[in-house]
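The values are calculated or read from the model by the stated rules, or taken from the named source; none is laboratory data. Please read all numbers here as calculations on a predicted model, not as lab measurements. Counting neighbours? That spans all protein chains shown, and the Cβs are built from the backbone with ideal geometry, glycine included.
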Amino acid sequence: MYDAYSTAVRPRGERFEFFREVVDRVFCPMSISVRLAGAGQFAGSVSVAALGAARMAHVVTSPCTVRRRAEDIARLSNPHYLVKFQLRGHSIWTQRKREVYLRPGDFVIASTAEPYSLQLIDDYSMPVLALTDATMRDLSPDPDQFLGLRMDGEEADCGLLSSFVGEVVARMSRLDGAMLARSEAHILDMLRGVLSARAKKRPISGARQRRAIEAFIRSRLTDHRLGPQMIATEFGITPRYVHTLFSDGPETIGEYIRTLRLRCCREALESAAAFDQSLTDFALSWGFYDLSHMSRSFRATFDLTPTEVRARVRMDAGAEPPAPPRRSRPRR
């Protein structure tokens, strides 16, 4: 069985409401919103095929935000799982207070029995595999351990599964029932392999994730690009979540980086190895934009400038101060 629904067949003013009704019917009750200015321009389509025990849907829409709220959950008597594949576009996925940034090729596992949100940043294409609780638990005894986690499309097995799903949805309107059933068997078998390979890797706690980020920061202190965006890209999370991980400490993420960089920078400046390096070169090598940037940061933190720190170190070491530059005699 194959069905397709498109907002293109409806008058412009009815398209968004029509799409919400289709999503409720095909998947489960949920809240969908767009910016008020974008409601009149909204476009979307949903195509659905019964593979066998599972259903595959292909959702294509304008940017929007999807939320599964407590009142939506109360309207569903038979919760199930959704495996959402990011085929095109980017999104921010949140479940169980874990927030991840999804790129093309990534996928996530959602439980319709719990609240979640999906912010679709731009026009997107997303195949969604709907699985019963029994089917999901046949693939993995503890599927809830994967909720709120990003399955990275850059990893070979995840990328292979995402690519195959993309090929199936591109052709599912033309596949007969037998071939759809075979496709389902391949998809479920690959998904079982992906989950099995990661089953022992329990979800990373916030504390463990913060420690990993702190280690990354220490290894990148000399890079002037170091900040929440660089960290988020490295760990496959959002900048907002990076800020959240540091929200219960005495320093924000920006203050943590700045304090650590300045302490390490001062230690390096006080070493004999830095005596012969110009302060400008030293500032650039430690990720500051220029010497004045480093000097302002030093004074604000230590009530000393780098020049004063170096002078103290030279005095303690008994080193000769640098000779003042020669003045040329005026010509007669």
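Taking residue 195 as the residue in question, decide whether it is under 18 Å from residue 159 (Cα atoms), touching a residue at least 40 places away in the same chain (Cβ under 8 Å) and in contact with a Phe, Trp or Tyr (Cβ under 9 Å, 6 or more places away or on another chain). In short, yes.
Is it the case that some residue within the range 92-109 is surrounded by fewer than 19 Cβ atoms within 10 Å (Cβ to Cβ) and under 29 Å from residue 177 (Cβ atoms)? No; the residues of the range 92-109 include none that is surrounded by fewer than 19 Cβ atoms within 10 Å (Cβ to Cβ) and under 29 Å from residue 177 (Cβ atoms).
Any residue at all in the range 296-308 that's under 19 Å from residue 215 (Cα atoms), assigned by TED's automatic domain parsing to the domain that holds residue 228 and in contact with a helix residue (DSSP H, G or I) (Cβ under 7 Å, 6 or more places away or on another chain)? Checking the range 296-308: not a single residue is under 19 Å from residue 215 (Cα atoms), assigned by TED's automatic domain parsing to the domain that holds residue 228 and in contact with a helix residue (DSSP H, G or I) (Cβ under 7 Å, 6 or more places away or on another chain).
Touching a strand residue (DSSP E or B) at 6+ places or on another chain (Cβ under 9 Å), in the same structural domain as residue 133 (by TED's automatic domain parsing), surrounded by fewer than 20 Cβ atoms within 10 Å (Cβ to Cβ) and not acidic (Asp, Glu), is that true of residue 43? Answer is yes for this residue. Which numbered condition in (1) within 29 Å of residue 196 (Cβ to Cβ); (2) out of contact with any Asp or Glu (no Cβ under 7 Å at 6 or more places or on another chain); (3) of a type in the set (Asp, Glu) is the only one that residue 106 fails? For residue 106, the failing item is (2). For beta carbons closer than 6 Å, sequence separation of 6+ or different chains, a first residue in the range 238-255 that is closer than 18 Å to residue 118 by Cα and a second that is surrounded by fewer than 19 Cβ atoms within 10 Å (Cβ to Cβ), the qualifying pairs are 238/92; 239/229.
Does the range 147-165 contain at least one residue that is on the phi > 0 side of the Ramachandran plot, in the same structural domain as residue 107 (by TED's automatic domain parsing) and out of contact with any Phe, Trp or Tyr (no Cβ under 7 Å at 6 or more places or on another chain)? So far as the range 147-165 goes, yes, one or more of its residues are on the phi > 0 side of the Ramachandran plot, in the same structural domain as residue 107 (by TED's automatic domain parsing) and out of contact with any Phe, Trp or Tyr (no Cβ under 7 Å at 6 or more places or on another chain).
Name the one entry in 180, 118, 175 that is out of contact with any helix residue (DSSP H, G or I) (no Cβ under 6 Å at 6 or more places or on another chain) and either modelled with pLDDT of 95 or more or assigned to a helix (DSSP H, G or I) (or both). Please lay out each step first, then the result.
On the way: 118 fails: either modelled with pLDDT of 95 or more or assigned to a helix (DSSP H, G or I) (or both); 175 fails: either modelled with pLDDT of 95 or more or assigned to a helix (DSSP H, G or I) (or both).
One residue alone meets the criteria, 180.
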